[in-house]
Amino acid sequence: MLIEAFILVGTVVATAKYFSTKSPVASYYVGTATYFVCLMICSAWGIVATPFMALVGRRYDIQWLVARSFYELGSRWLGITMTVEGWEHLETRPAIYIGNHQSMIDILFLGRIFPNRCTVTAKKSLQYSPILGQWMTLAGAIFIDRGNSKGALNSLQKAGDDLKEKEISIWMFPEGTRTLFQTPNLLPFKKGAFHLAVQSGVPIVPVVCENYWRLYHKGTFVGGELKVKVLPPIPTTGLTAADVTQLSIDTRELMLKTLKELSRQQSSGQGRRRVQVHFDFASHPTCRRPHTSLTDCQGGITS
């Protein structure tokens with residue numbers, strides 16, 4: 001039955017691929033639909049795999065497994081591939097990993113680089129999404145309720161306890177919401193991730209995915225290659241809450257500089273090829289700024 005289901009899905013996507021080549025608008029909507037089909041397939045796979053991973057003592061690797069599965073499937077069906085620089089920094093654990101948040105495609109970017117023994121933060125509403133929400137709950141994702149500061153604070157405090165006791169890492173998007181700029185840019189960073197890192201005494205590992213407006217935005221969804229750069233860990237040892245604001249500002253500046261560099265490389269054609277396909281099957285500066293509350297904690301997946 002499972003094999004027949006995959007054959008059916010493959011046939012539908014192949015047919016959609018053919019028609020999507022006839023119109024950019026069709027390409028956009030078919031691409032979006034295919035993306036969500038991939039997401040649902042991998043979420044269902046995660047629901048099945050989670051109990052077995054727990055039985056063999058690898059519960060904290062289930063998000064890594066499903067993330068990688070999503071990338072392997074999605075990159076083939078959507079024709080979007082990613083090259084990564086700085087793989088060695090993904091071995092840092094425990095840590096707070098942070099990334100730029102452009103659109104729903106970021107889940108594909110996460111799938112490419114998601115570290116072992118790491119859990120993601122996400123907005124509370126995703127917990128109620130069919131299939132995806134059930135899997136994320138089983139996998140131990142941290143849901144942040146933006147409308148409930150006390151609840152959000154409790155969620156992050158528990159996450160901080162798990163981070164230290166179980167030596168797991170946490171992934172956050174410090175911009176707090178998706179914003180796909182036509183030219184490389186970042187929103188101001190919220191400070192929850194930085195408070196959590198300082199209070200736990202763990203490093204921050206910034207991860208930057210190049211701007212992908214040329215591949216995906218409203219009305220456009222084409223294949224191509226993207227570059228991702230994992231930056232060296234930023235230590236937080238010795239920092240206090242009073243240092244958090246400057247820490248977040250300095251980290252944002254570093255990530256924005258990297259984002260612009262990656263985009264310049266793309267524009268000049270350094271290590272980049274544009275693939276016109278639709279669905280191809282085949283030591284840190286001293287910080288002195290005043291702190292803000294941990295309740296400023298948004299920074300999860302908002303897709």
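The values are calculated or read from the model by the stated rules, or taken from the named source; none is laboratory data. Keep in mind the model is a prediction, meaning the values are calculated, not measured. All Cβ positions, glycine included, derive from the backbone under ideal geometry; neighbour counts span all protein chains shown.
For this structure, a couple of remarks:
- Selection status of residue 250, at pLDDT 95 or above, surrounded by fewer than 21 Cβ atoms within 10 Å (Cβ to Cβ) and closer than 15 Å to residue 174 by Cα: yes
- Pairs linking a residue in region 254-266 that is surrounded by 15 or more Cβ atoms within 10 Å (Cβ to Cβ) to a residue that is assigned to a helix (DSSP H, G or I) and among the aromatic types (Phe, Trp, Tyr), with Cβ atoms under 8 Å and 6 or more positions apart or on different chains, do not occur.
- Residue in region 18-35 that is closer than 30 Å to residue 230 by Cα and at pLDDT below 90 present: no
- Residue list for region 167-201, restricted to those being surrounded by fewer than 24 Cβ atoms within 10 Å (Cβ to Cβ), among the aliphatic types (A, V, I, L, M) and under 19 Å from residue 122 (Cβ atoms): 168, 180, 187
- Criterion applied to 41, 96, 47 was being within 17 Å of the chain's Cα centre (by Cα) and of a type outside the set (S, T, N, Q), and the one residue passing it is 96.
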